Amino acid sequence: MTNDKSSVFLVAGNRLLREALAKLLARKGFNVCGASAWIADSDSAVAASGAEILVLDSVTARLSDCSFISTMVSQVPNLKVVLIDMDNNREIFLECVRAGAVGYILKDASAAEVVSGVQSAAQGQAVCPPELCMHLFRAFSRQWTAMPSARFRIEFGLTRRQQQIVPMIAQGLTNKEIASNLNLSEQTVKNHVHGIMRRVGADDRLQVIDVTRLSGEFQ
């Protein structure tokens, strides 16, 4: 049981899962400060809640293309994001880690293992399935010794979708044009662009281009 009543916000598409997990975490000493399905303005609700830990299900991670994770980590720097009900998939796992998740719990985990994972995150520990840890080490080693553009992506933590959007920004495409190219909504592209600006420390789209060019990316 936690000692300091760490606050948790749950975002999960399944209502039964949300309610059951909320009750379980509360019994284990957590302060469940919010629970909802993922919607477009969920980031505002999470940020306003003062949560220290954000628990997301696989549906949320998939629907938001991991951008919700990177958005929340940018808005609330000390927030710890833990994913539950996840597939044992190397690419999905690495994408979530790049976006800022500190916990990744597989869908066959027991209720006790989910609670243990959230407790570990509350204590500042990463939660990683043993079978996926090796992929994390290998990915970091490969990318750090690769071309400068890979180091750029690691340094700024851009998601795969954000990496696709940066060169389109450099080409001068509007959000509407980018949305058409990637088959996304214009609002989703706008959210990604804002996330990119936060990640690279830019105030506008021109600065995004300057930073990426200085890094050797997309020249």
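The values are calculated or read from the model by the stated rules, or taken from the named source; none is laboratory data. Just so you know, these numbers come straight off a predicted model, no measurement behind them. Cβ coordinates were reconstructed from backbone atoms using ideal geometry, including for glycine residues, and neighbour counts include every protein chain displayed. With ligands, DNA and RNA removed, areas are computed over all heavy atoms of the protein, side chains included. Shrake-Rupley method; radii C 1.70, N 1.55, O 1.52, S 1.80 Å.
Do you know which residues across the range 115-138 are open to solvent by less than 20 Å² (accessible area, probe 1.4 Å) and in a helix (DSSP H, G or I)?
115, 117, 118, 121, 132
Please go through the range 25-42 and pick out each residue that is among the hydroxyl-bearing types (Ser, Thr, Tyr) and farther than 20 Å from residue 58 by Cβ. Reasoning before the result, please.
Filtering the range 25-42 down to residues among the hydroxyl-bearing types (Ser, Thr, Tyr) leaves 36, 42.
Residues satisfying the conditions do not exist here.
So, of the residues in the range 26-48 that are in contact (Cβ under 8 Å) with a residue 60 or more places away in the chain and either open to solvent by 50 Å² or more (accessible area, probe 1.4 Å) or under 29 Å from residue 91 (Cα atoms) (or both), which turns out to be farthest from the chain's Cα centre (by Cα)?
28
Looking at residue 110 and the list (1) in contact (Cβ under 8 Å) with a residue 12 or more places away in the chain; (2) among the small types (Gly, Ala, Ser); (3) open to solvent by less than 60 Å² (accessible area, probe 1.4 Å), which single condition is not satisfied?
(1)
When residues of the range 50-67 are filtered for being in contact with a strand residue (DSSP E or B) (Cβ under 9 Å, 6 or more places away or on another chain) and on the phi > 0 side of the Ramachandran plot, how many remain?
If we filter the range 50-67 for residues that are in contact with a strand residue (DSSP E or B) (Cβ under 9 Å, 6 or more places away or on another chain), which is where we start, we get 50-61, 64.
When the remaining residues are screened for being on the phi > 0 side of the Ramachandran plot, the result is 50.
Qualifying residue count, the range 50-67: 1.
When residues of the range 68-97 are filtered for being within 8 Å of the chain's Cα centre (by Cα) and either open to solvent by 60 Å² or more (accessible area, probe 1.4 Å) or among the small types (Gly, Ala, Ser) (or both), how many remain?
1
List every residue pair whose Cβ atoms lie under 6 Å apart, where the two residues are 6 or more positions apart in sequence or sit on different chains, the first residue falls within the range 59-82 and is within 16 Å of residue 162 (Cβ to Cβ) and of a type in the set (D, E, K, R), and the second residue, located anywhere, is open to solvent by 40 Å² or more (accessible area, probe 1.4 Å) and part of a helix (DSSP H, G or I).
Listed by first residue and then by second, the contacts come to 65/161.
When the residues of the range 49-67 are narrowed to those that are out of contact with any Asp or Glu (no Cβ under 8 Å at 6 or more places or on another chain), among the hydrophobic types (A, V, I, L, M, F, W, C) and over 15 Å from residue 35 (Cβ atoms), which ends up most open to solvent (accessible area, probe 1.4 Å)?
Residue satisfying both the conditions and the ranking: 63.
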